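The values are calculated or read from the model by the stated rules, or taken from the named source; none is laboratory data. Every value quoted in this text rests on a predicted model; they were computed, and no experiment measured them. A quick note on method: Cβ atoms are made from the backbone with ideal geometry, for glycine too, and the neighbour counts reach across all protein chains shown. Side chains included, ligands, DNA and RNA excluded: accessible areas come from the protein's heavy atoms. Shrake-Rupley method; radii C 1.70, N 1.55, O 1.52, S 1.80 Å.
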Amino acid sequence: MQQDGNLCLKTIAGDVFIWCMTTDPNVLIKGTVCAMQEDGNLNVSPREKWVWSAFNKASQLTSGSYLELTDEGTIKIIAPNGTVKWQNI
């Protein structure tokens, strides 16, 4: 999490962005947190109102899903059965 509230993935050296949740500064709110919810959604929010979510429909959610970051820099949400439900690339 950056100080401006953007969830970003950078190279190990930190000099190249691989992925960010948004490029719109109007969406960013300082003090946001990122959490993997029990319903399988990755959510960025400053308290009650989310500013970014991996999924927008309840039908996309799979309880028990987990987050994986690969060596190649891909962020994945994987269902308990191994199905990739979402990825950043």
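Scanning segment 72-82 for residues that are open to solvent by less than 70 Å² (accessible area, probe 1.4 Å), touching a Ser or Thr at 6+ places or on another chain (Cβ under 8 Å), of a type outside the set (D, E, K, R) and modelled with pLDDT of 90 or more yields a total of 3. Being touching a Phe, Trp or Tyr at 6+ places or on another chain (Cβ under 6 Å) and under 21 Å from Trp19 (Cβ atoms) is true of Asn43. Of all residues in segment 48-71, those being of a type in the set (A, V, I, L, M), closer than 21 Å to Cys8 by Cα and open to solvent by 80 Å² or more (accessible area, probe 1.4 Å) number 2.
Scanning segment 28-38 for residues that are within 20 Å of Phe55 (Cα to Cα) and exposed (fewer than 14 other Cβ atoms within 10 Å of the Cβ) returns Val33, Ala35, Glu38.
One line per residue, one yes/no per condition, for (1) more than 10 Å from the chain's Cα centre (by Cα); (2) at pLDDT 90 or above; (3) acidic (Asp, Glu):
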position: Gln3; (1), (2), (3): yes, no, no
position: Cys20; (1), (2), (3): no, yes, no
position: Met36; (1), (2), (3): no, no, no
position: Ser59; (1), (2), (3): yes, no, no
position: Glu68; (1), (2), (3): yes, yes, yes
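For segment 2-18, a tally of residues being in contact (Cβ under 8 Å) with a residue 40 or more places away in the chain and open to solvent by 40 Å² or more (accessible area, probe 1.4 Å) returns 2.
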